[in-house]
Each structure stands twice: as C-alpha cells, then as structure tokens.
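Just so you know, all these numbers are worked out from the coordinates, no wet-lab data involved. The structure displayed is predicted, hence computed values, not measured ones. Cβ placement follows ideal geometry from the backbone for every residue including glycine, while neighbour counts extend to all protein chains displayed.
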Amino acid sequence: MFKIIKRGKKSSKGDAVEPPIPSSLPNAPVDHASRIATPVVASQHVTLANATPDPSVVEVLPLLKEVALSERHVLFIRKLQICCVQFDFSDMVKCARQKEIKRQTLTELIDLVQLGSCKMNEIMQEELVRMISTNLFRCLPPASHENTGSEGIEEEDDMYLDPSWPHLQLVYELLLRYVMSTEMDTKVAKRYLDHSFVLKLLDLFDSEDPREREYLKTILHRIYGKFMVHRPFIRNGINNVFYRFIFETERHNGIGELLEILGSVINGFALPMKEEHKLFLVRALIPLHKPKCVSAYHHQLSYCITQFVEKDYRLADIVIRGLLKYWPITNCGKEVLFLNELEEVLEGTQPAEFQRCLVPLFKQLGRSINSPHFQVAERALFLWNNEHIVDLIAQNRRAILPTIFEPLERNMYGHWNQAVHGLTSNVRRMFLEMDSELFEECEKEYNEKAAGASGLVEQRERAWKKLEEAASMVW
C-alpha cells in the first residue's frame with residue numbers, strides 16, 4: 001500500500017534545508033527518509049544523495065520554482081527518488097493518484113532540464129541517470145510470436161503497445177532532454193552514461209512497441225554524436241546485435257531503427273575509409289540480406305549499402321557479388337527488393353567495377369527476366385530504363401549480349417505476360433540499335449543452338465521408339 005504525504009513549503013535558514021515537522025498532530029505520518037538536511041552546509045548534498053527513501057511513500061512535494069535556489073538541488077533529488085517508485089500499469093485504476101503524482105513530477109523535471117533553470121551537479125546527474133535506469137531497464141514481455149507461434153511479421157493493427165507507455169514516454173523524454181542539454185558536461189555525464197548504460201539501451205531495441213524504439217533511436221543517435229569516446233563501442237554493440245540476429249535468432253524488432261542510426265553514421269565516415277568499416281559492410285550489412293524477414297528493414301539496409309558505394313565506388317563490386325550470394329531463389333517478393341537495391345547500387349558503379357562482376361550479374365538477371373512471376377521479370381527489364389546502366393551495358397555489350405540474348409528470346413516466344421513480352425521487345429530492339437552486327441551473330445548462334453537442341457530431341461524420341469518396338473516384340 002502506498003502512502004501519500006503532502007509537504008508544505010520549506011523554510012530556509014541560510015543554506016540549510018529542514019522540512020517542517022507538524023507539532024499539533026503528534027500521530028501524523030512523517031516521512032523520515034526526507035529529514036536528511038542538517039545545519040552543516042558542506043555535507044548537505046552528499047547526505048541527501050546517499051539517502052534511500054521508503055519505496056512505499058509517494059509525496060506531494062512543492063514545485064521547484066516555488067522554493068529558494070538554495071533548496072532546489074535537495075528537492076530535485078527527492079523528486080527523482082519519488083520517480084523511482086514502480087507501478088503496475090496493467091490495472092489503470094490501481095494506485096491512480098500515486099501514478100498521477102509521478103507523472104506530474106516527471107513532467108516538471110522535463111521542463112526543468114529543458115530550460116536549464118537548475119544547473120545539475122555530479123550528484124544530481126548520478127541520481128537522474130539512476131532514476132532513468134530504474135524505470136527503463138526492465139525485462140521485456142514475451143514476443144507475440146512466442147505466444148501465438150506465428151512466423152510472419154506483425155501487422156500494424158496487431159502491434160504490441162506497452163500499457164506503461166504514458167510514464168515510459170516521460171522518462172525517455174527526460175533522458176533525451178538531458179542528452180541534448182547544452183548545460184551538460186560530457187566529461188561528467190560519460191561516467192553515468194557509460195558502456196553498461198549503452199548496452200542496456202541496445203537491449204531495449206527489441207521492444208515490440210514502435211514508439212519506444214523511435215525514442216531509443218533518437219537517444220542513441222544523440223549519444224553517438226555527443227560522446228566521441230563511446231562511438232567505437234556503440235558500433236561494436238550494434239554489430240553484435242546484427243550477428244546474433246543473422247546467425248542465431250533471425251528475430252529482432254529493432255533492426256530497422258539500428259540501421260537508420262547507421263545510415264547517418266556511415267554518411268559521416270571520413271575518406272579514405274577505415275578497414276574496420278569495410279569489414280562491417282562485408283560481415284554485417286551484406287549478410288543482413290539473408291533472413292526471411294528482410295522486407296521489414298530492407299529500405300534502411302538499402303540506404304546503408306548505397307551510402308558505402310557513394311562514399312567509395314570501389315566497393316561496388318563487393319556489394320554486387322554479396323547481393324548475388326544471397327539472391328533469393330523462390331521468394332519473388334524478396335527478389336523484387338533485391339532488384340530495386342541493385343539498380344541503386346549500379347547507379348553509383350563505375351565502368352571498372354562493373355566489368356569485374358558483369359558475367360555473374362547478367363547470368364542472374366537472365367534468370368530473373370525468365371521468371372514466371374511477372375513482377376520479377378518486369379523489374380529486371382526496367383533496369384534498361386536507367387540511362388547510367390544502359391551506358392555501362394553499351395560499353396560492355398560484347399560480353400553482355402551473348403549472356404542475355406537467350407533469356408530475351410525465350411521471353412519473346414514463351415512468356416505468358418503481355419507486359420513482359422513488350423518490355424522484352426524493347427530491350428531486344430535496344431541491343432539491335434547498339435550493335436546490329438553483334439546482334440545478328442548472337443541470333444545466328446542462338447538459332448544453331450536451337451536447331452541442334454531440336455535435333456537432339458528428335459534423336460531421343462527415335463531411340464525411345466526403337467526401345468518400345470523391341471519391348472513389344474519380346475512380349
């Protein structure tokens with residue numbers, strides 16, 4: 001059972017802060033944990049910081065702006081201690097008044113930190129981070145797929161929304177304002193926003209509540225920008241999340257948000273690019289194409305990949321070969337995503353890098369062009385609408401056309417979809433206009449191969465016919 005104790009305004013004698021003790025009501029409840037201040041001014045803040053209030057007590061304290069400046073630090077810490085009290089939000093009626101007191105206190109603290117009207121010393125910052133950690137760092141509820149056994153991505157209507165979010169949002173907002181505060185000394189703050197704090201923040205990215213992940217994304221990005229000493233550790237922490245997701249679980253709710261942070265980080269990489277950043281591309285980003293649920297974060301992943309190619313065009317060959325390594329075979333929706341990403345990568349590819357990978361690339365594009373799924377075939381043929389890609393193809397047509405000619409001819413005479421048939425005809429005409437002699441050579445070679453194939457079919461049929469006749473004679 002929580003107690004609510006109303007506190008009157010405090011009177012100040014010099015710098016000492018002593019809460020009033022009612023004398024007319026000897027049996028009235030007194031919060032002894034708050035009777036900490038002593039006439040000794042030098043030890044006032046330390047004593048208050050070390051005091052532990054009764055966790056069952058939620059006080060109604062005066063507003064910070066209503067007390068003297070000399071008392072604000074003491075009152076600030078007491079309010080933080082009140083905000084450490086935990087409540088059960090599954091029952092909104094239970095402890096409703098205490099929850100409202102905590103909500104109002106958090107709102108006041110947010111305004112105070114945002115305005116910077118109370119400069120925080122080290123003890124105040126330590127208590128602030130402790131309160132934030134107490135509220136945020138918790139065991140997340142079981143994921144919905146663990147309860148239902150579903151394998152698919154959650155629909156928007158089925159998203160889990162944390163019932164404690166009204167209070168969690170205020171705590172996240174307070175943390176964000178603290179990190180963004182111009183009054184914050186990073187040399188002091190890094191002692192409390194340390195590696196352990198960052199790791200616990202990364203663990204929370206697996207929350208199913210998208211509102212929480214959005215706050216976490218903003219806060220971690222701000223911490224990355226403000227604390228240079230934490231940058232390598234944050235990158236390594238994100239890498240570890242990716243490794244576990246790719247090679248162990250293939251389940252995580254915050255991959256998209258982490259990739260959004262990395263998209264901004266990659267944009268700020270200096271040139272020449274460090275070897276560790278290239279290893280991150282090869283070992284983490286490219287393998288992220290492997291999981292079945294790649295569609296949930298593919299937009300952010302594609303942005304990160306193209307950022308690497310824009311930063312260093314020599315990485316295009318590595319990226320294209322990585323895409324081909326994880327190219328889907330039976331998942332048509334995923335294949336369309338890969339084709340979209342491939343076009344973005346090819347737009348930043350230079351001729352030298354294009355030449356290194358064009359043979360395996362166009363063998364795969366030939367298979368995509370012949371796909372019975374019309375969206376895959378269409379998306380592959382749409383690559384010829386990109387001027388930069390067409391220029392690259394024209395420069396290397398003698399290596400490309402012999403590879404792609406047969407798939408184009410198959411579509412012309414065998415594909416069921418009229419739109420695919422029309423696009424194939426346009427691409428075929430484009431090659432004819434590029435180099436008519438080469439086109440005729442490829443056409444002649446294709447016809448000879450087709451004739452040879454039909455001859456083999458006839459020979460096989462004759463052999464089977466003789467075998468049938470021989471078998472009938474035996475019977």
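Need one word for region 337-475: rounded, prolate or oblate. Basis is the Cα gyration tensor (sqrt eigenvalues a ≥ b ≥ c); a/c below 1.5 gives rounded, then a/b vs b/c decides. Working shown, then result.
Numbers: a/c = 2.65, a/b = 2.17, b/c = 1.22.
It comes out prolate by the Cα gyration axes.
Quick check: residue separation of residue 183 and residue 412 times 0.36 nm, minus the Cα distance between them. What number comes out in nm? Intermediate results must be reported in sequence, preceding the final value.
Numbers: separation 229, 0.36 × 229 = 82.44 nm, distance 6.90 nm.
Taking 0.36 nm per residue and subtracting the Cα distance, the gain is 75.5 nm.
First check a/c for region 169-322, with a ≥ b ≥ c the square roots of the eigenvalues of its C-alpha gyration tensor; if it is under 1.5, answer rounded, and if not, answer prolate when a/b is larger than b/c or oblate otherwise. Before the final figure, lay out each step's value.
Numbers: a/c = 2.12, a/b = 1.41, b/c = 1.50.
Oblate.
Does region 326-368 come out rounded, prolate or oblate by the C-alpha gyration tensor, with a ≥ b ≥ c the root eigenvalues, rounded set by a/c under 1.5 and, if not, prolate when a/b is larger than b/c and oblate if not?
Values: a/c = 3.12, a/b = 1.61, b/c = 1.94.
Oblate is the answer for region 326-368, as a/c is 1.5 or above yet b/c matches or exceeds a/b.
What FRET efficiency do you get for residue 274 and residue 103 if R0 is 45 Å and r is their Cβ-Cβ distance, rounded to the nearest 0.05? Working shown, then result.
On the way: r = 46 Å, r/R0 = 1.02.
After rounding, the FRET efficiency stands at 0.45.
Gain in length, residue 139 to residue 282, computed as 0.36 nm per residue apart minus the alpha-carbon separation, to one decimal in nm? List each step's numbers first, then the result.
Numbers: separation 143, 0.36 × 143 = 51.48 nm, distance 3.26 nm.
Taking 0.36 nm per residue and subtracting the Cα distance, the gain is 48.2 nm.
Under 17 Å from a label point 7 Å along Cα→Cβ of residue 347: give me every residue in region 300-319 with its amide N that close.
What the label zone holds, given the 17 Å backbone N cut-off, is 300-313, 316.
What order do you get for 377-387, 299-309 when each peptide is scored by the mean count of other beta carbon atoms within 10 Å, highest first?
Details: 377-387: 18.2, 299-309: 20.9.
The most tightly packed comes first, giving 299-309, 377-387.
Once you have the Cα-Cα distance between residue 295 and residue 196, take 0.36 nm times their residue separation minus that, and quote the gain in nm to one decimal. If you can, show how the numbers build up before the last one.
Values: separation 99, 0.36 × 99 = 35.64 nm, distance 3.15 nm.
My answer for the length gained is 32.5 nm.
With r as the distance between the Cβ atoms of residue 398 and residue 440 and R0 = 22 Å, compute the FRET efficiency 1/(1 + (r/R0)^6) and round to 0.05.
Numbers: r = 13 Å, r/R0 = 0.61.
Computed FRET efficiency for residue 440 and residue 398 comes out at 0.95.
Too long at a 22 Å Cα-Cα cut-off: which of 190/217; 190/278; 278/311; 200/325; 99/190; 334/363?
On the way: 190/217 19 Å; 190/278 28 Å; 278/311 11 Å; 200/325 34 Å; 99/190 31 Å; 334/363 18 Å.
In this structure, 190/278; 200/325; 99/190 lie more than 22 Å apart at Cα.
Quick one: if the Förster radius is 56 Å, what FRET efficiency do residue 250 and residue 66 give, using the C-beta to C-beta distance and rounding to 0.05?
Working: r = 54 Å, r/R0 = 0.97.
For R0 = 56 Å, the calculated efficiency reads 0.55.
Put a dot 7 Å past each Cα toward the Cβ at residue 222 and residue 240; how far apart are the dots in nm?
Here the answer is 2.5 nm between the modelled labels.
Take each of the peptides 254-263, 220-229, average the number of other beta-carbon atoms within 10 Å over its residues, and list them starting from the highest. Don't skip to the end; give the middle numbers.
Numbers: 254-263: 22.3, 220-229: 16.7.
Going from most to least packed, we get 254-263, 220-229.
Positive end of the dipole of region 322-475, charges at C-beta (+1 Lys, Arg; -1 Asp, Glu), about the Cα centre: which of 400, 388, 348 has its Cα farthest in that direction?
The listed residue farthest towards the positive side: 400.
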